[in-house]
Amino acid sequence: MMRFYSSSMRCCFSTTPPPNTATEQNVLSTARERYTTPHAIWEALSTDHVKLLRASYLVKLAREGRVLCRRQELPPDAFIGVEELKSLYGDGNRDGVLPILSVSFCWDTPQHPDPSGKQLATVAAALEREMPEYAKMGFTEMGVFWDWAALYQKDPALFDSTKTPEAKPEGPERDAFLEDLKEKRAFYGGEAYEQSRTPDQKEAFGRALHNTMDLWYAHQGTTVYLLTQLPEGTQRKLGYDDSGWTTYERRSAEQIKKVYLYEAKWKLVRDLGSDDFDTDGAGSRNWPLDPDGFDELIESKEFTNGADKETVKTLYRKMSEAQLSGIEMLDFMGISTPSVRDMEQLGRCLNLCENLSQCDLTGVGLADEPCRALFSTLKFNAVLTELDLSRNNIYHAGAVALASALRVNG
């Protein structure tokens, strides 16, 4: 069924039948809730595997001109507990936004991510600028996920720079070292450095890495700061956009987060290195990327350990499919004007949405050619119930593409 309104264009379809068994319903509920409700977040924070920093502590640290220590050396008052976060969240809000913020950034050096404190200063300045808006939602404090301080880390004082790939000249020795890294046999930074966590700390790190890392970036309710500009004076050669792990973090954050918010007056994905930061637009935010598109994109990115490339592909596919299969509504109103490729990828993403009731593309500047690209990949297989295309630049060619897609898909 399709309905047209004088002020908008909306396509309405029948919904997917519900799961047939209680087991299928439970699996579906779990997938849906992991990235859209606080439950998985609270559960992750109820253990000692990961801790969040107080935003106020980061601001204080930066004001004092200090450097952020690894988790083991931070005072207890640097962290915020799950019960306080629950209290700040209260009964929730219309946008589903949480008092939780994650930092996506490049480590400045192999042993310490921010030895100069410059990245801390960037984050703290953004927090001071944004905290008044957070407070209007009742978030007088924020929990900040910063991997260096959230997870148990190795001791940077024991790092041996002669054990790194950078210390080895191009040639057979470097090639052999990198091959050893791929096989996970080499000690990156030296044996003492590798053993500078207790067995319990190492186990907690592994559990946090494998069971919770997706949440801090991919969850629909977290705010993510992207530090896309390297600190001045860095010796690091690989930038944010060229790094594999930061590409994974950013694309995870951009997948299902709402662009338009009713109550929260800030963007859930903030590029601190972009001129767009101080505007109301979301021009620096990318459109969703399907798993196949991510596999293609990540081939051009670099990793210290080359074996991580396949790991990241697997992680993204698992995360993306779980995100999209459970999401019930996607809202992109206010995002940047899409390209043809953006819409091809969006169509493939929507095909993975098994429970999507509404997709809002109101006023995104969608023109005929991108519109045709969307309907070239989108399959109307009783999944999408409403697609809002109002206030766009869709004319004859786009309308023909829509009508053709509807005929083909019955």
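Taking only segment 47-90 into account, find how many residues are in contact (Cβ under 8 Å) with a residue 60 or more places away in the chain and assigned to a loop (DSSP other than H, G, I, E, B).
Looking only at that region, the number is 9.
Within the set of pairs 6+ apart or on separate chains, which have a first residue in segment 134-149 that is over 16 Å from ALA44 (Cβ atoms) and open to solvent by less than 30 Å² (accessible area, probe 1.4 Å), a second that is modelled with pLDDT of 95 or more and aromatic (Phe, Trp, Tyr), and C-beta atoms under 7 Å apart?
Filtered contacts from segment 134-149: MET142/TYR134.
Can you name the condition, by its number, that VAL103 falls short on among (1) assigned to a strand (DSSP E or B); (2) at pLDDT below 95?
(2)
Which residues, counting only those in segment 220-232, are touching a helix residue (DSSP H, G or I) at 6+ places or on another chain (Cβ under 8 Å) and of a type outside the set (Ser, Thr, Tyr)?
Those that are touching a helix residue (DSSP H, G or I) at 6+ places or on another chain (Cβ under 8 Å) and of a type outside the set (Ser, Thr, Tyr): GLY221, VAL224, LEU226, LEU227, GLN229, LEU230, PRO231, GLU232.
I need the full set of residues from segment 296-327 which are outside any loop (DSSP other than H, G, I, E, B) and of a type in the set (Lys, Arg), in order please.
Once the filter is applied, which keeps residues that are outside any loop (DSSP other than H, G, I, E, B) and of a type in the set (Lys, Arg), segment 296-327 yields LYS309, LYS313, ARG317, LYS318.
If I filter segment 249-259 for residues that are over 23 Å from THR337 (Cα atoms), modelled with pLDDT of 95 or more, among the charged types (D, E, K, R) and assigned to a helix (DSSP H, G or I), do I get at least one hit?
So far as segment 249-259 goes, no, none of its residues is over 23 Å from THR337 (Cα atoms), modelled with pLDDT of 95 or more, among the charged types (D, E, K, R) and assigned to a helix (DSSP H, G or I).
Might you let me know whether segment 268-275 holds any residue that is open to solvent by 30 Å² or more (accessible area, probe 1.4 Å), at pLDDT 95 or above and of a type in the set (D, E, K, R)?
no
Scan THR314, THR362 and give me the residue that is under 20 Å from the mean Cα position of the chain (by Cα), modelled with pLDDT of 90 or more and of a type in the set (S, T, N, Q).
The unique qualifying residue is THR314.
Suppose we keep only residues that are over 24 Å from ILE256 (Cα atoms) and polar (S, T, N, Q) within segment 301-311. Which one would you say is modelled with the highest pLDDT?
If we take residues in segment 301-311 being over 24 Å from ILE256 (Cα atoms) and polar (S, T, N, Q), then THR304 is modelled with the highest pLDDT.
For SER357, state whether it is touching a Pro at 6+ places or on another chain (Cβ under 7 Å), within 29 Å of TRP216 (Cβ to Cβ) and of a type in the set (Ser, Thr, Tyr).
No: the conditions fail for SER357.
What residue, of ALA78, ALA44, ALA62, ALA121, is of a type outside the set (S, T, N, Q), out of contact with any Leu (no Cβ under 8 Å at 6 or more places or on another chain) and modelled with pLDDT of 95 or more?
That would be ALA121, the only listed residue that is of a type outside the set (S, T, N, Q), out of contact with any Leu (no Cβ under 8 Å at 6 or more places or on another chain) and modelled with pLDDT of 95 or more.
Out of SER300, SER320, I need the residue that is of a type outside the set (D, E, K, R) and surrounded by fewer than 22 Cβ atoms within 10 Å (Cβ to Cβ). Which one?
Answer to the selection: SER300.
Exactly one condition in (1) hydrophobic (A, V, I, L, M, F, W, C); (2) within 22 Å of the chain's Cα centre (by Cα); (3) open to solvent by less than 50 Å² (accessible area, probe 1.4 Å) is not met by TRP107; state its number.
(3)
Give the number of residues within segment 60-85 that are under 18 Å from MET131 (Cα atoms) and either of a type outside the set (Gly, Ala, Ser) or open to solvent by 40 Å² or more (accessible area, probe 1.4 Å) (or both).
Number satisfying all stated conditions: 7.
Would you tally the residues in segment 219-242 being of a type in the set (Gly, Ala, Ser), at pLDDT below 95 and either in contact with a Pro (Cβ under 8 Å, 6 or more places away or on another chain) or surrounded by 18 or more Cβ atoms within 10 Å (Cβ to Cβ) (or both)?
0
The values are calculated or read from the model by the stated rules, or taken from the named source; none is laboratory data. Keep in mind it's a predicted model, so treat the numbers as computed, not measured. Cβ coordinates were reconstructed from backbone atoms using ideal geometry, including for glycine residues, and neighbour counts include every protein chain displayed. Side chains are part of the model used for accessible areas, which takes the heavy atoms of the whole protein and leaves out ligands, DNA and RNA. Shrake-Rupley method; radii C 1.70, N 1.55, O 1.52, S 1.80 Å.
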